[in-house]
């Protein structure tokens, strides 16, 4: 990491020039192309062939359903939906759980680890997500799901997971290889969403999808590398967070997993500590941590992810909390959602966080793609 700069103009100049020497894997292109990647991910979910044992009334359909054929609104007797995954491969499950919380009558449970709960059985629909296909914890949990006779769909670019799918005859949604998992979020969310839609578990989302793509296209122009800092909210957020400790505050429901996404993106892309919490829970504990004025709190910058269509009571809590702690932290920054639908509100802030974490990496003078600490840990575990 290079020498730290405290001159604001130097930092602005750094974000408004070419930084391809730092971004060796060209992550910025992947981030800016999110709307196109979203379309491609939706196509994968639409073309995926669903086995008859997952469909409603499986005896009444041919061996494999036509990829684009609509399914009945009556579903087979799934009692729960489970998403197996770690890190960037698991976040899609968290986002789906928040996004579908007021629609699904069965829970979505995200399992990050080697083991599975006892409730996983033949009535569980399990999405096994490992971008590389080689995630140690996910492979272990998958084998236990097979023993439990759960219904399994894999989402991967290959690896051991693809091999296990052939050996155990469960279907795979194959996603493009060669992308950092955290930059492949469209491929780890939308194919599962489409699968749930085609299984009749949720309503179709075409209008929300159209709104989301339209908003993300506009934001891509606003947040792109060529857009100057004075007109670019993602760059402004990065400039504000530089040399400070970011705390990301979301709210219960729609923006809980989004806040976690911001935190992990700043960790992995920016190579920087970051923490997260949610309203109203943080008002019952974390708020007390600001009572004593100290040098640590003065380094804190809070990013509040504001759902403009969210609960009024949560917004009132945010305003009161902000009033209480405002003078004890370096800054309290409000980042509002865009759009009316839940999908656009969620992904407008994900997109902002992804780009802000990228620009913070540039300010930190680090390549956003490599995750050396994680690779070192894997090497040690393999010994």
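Values in this text are rule-based calculations from the coordinates and carry no lab data. Given the structure is predicted, the values throughout are model-derived calculations rather than measurements. Ideal geometry is used to build each Cβ from the backbone, glycine not excepted, and the neighbour counts take in all protein chains shown.
Some notes on this structure:
- Mean separation of Cα contacts under 8 Å, 6 or more apart, over the residue count of segment 34-204: relative contact order %: 29 percent
- Distance between the pseudo-spin-label points of residue 132 and residue 26 (7 Å out from Cα toward the beta carbon): 2.4 nm.
- Sequence-separation-based contact order of segment 118-179, relative, with Cα cut under 8 Å and 6+ spacing, percent: 36 percent
- If R0 is taken as 56 Å, the Cβ-Cβ distance between residue 244 and residue 149 corresponds to a FRET efficiency of 0.65.
- For the chain: relative contact order, % (alpha-carbon pairs under 8 angstrom, 6 or more apart): 19 percent
- Extending 7 Å from the Cα toward the beta-carbon at both residue 101 and residue 331 defines two label points whose distance is 2.9 nm.
- Each peptide among 199-211, 178-190, 15-27 gets the average number of other Cβ atoms lying within 10 Å of its residues, and from highest to lowest they stand as 178-190, 199-211, 15-27.
- Ratio of the Cα radius of gyration of segment 34-204 to 2.2 N^0.38 Å, where N counts its residues: 0.94
- Antiparallel bridges, percent of DSSP beta bridges restricted to the chain (to nearest 5): 5 percent
- Computed from the C-beta positions of residue 10 and residue 123, the FRET efficiency with R₀ = 51 Å rounds to 0.30.
- With 10 Å bins from 0: P(r) over the chain, alpha-carbon pairs, percent: 5, 23, 31, 25, 13, 3, 0
- Efficiency of FRET from Cβ geometry, residue 52 and residue 383, R₀ 35 Å, rounded to 0.05: 0.20
- Helix-only [θ]222 nm of the chain, DSSP H runs n ≥ 4, -39500 (n - 2.57) each, per residue, nearest 500: -13000 deg cm²/dmol
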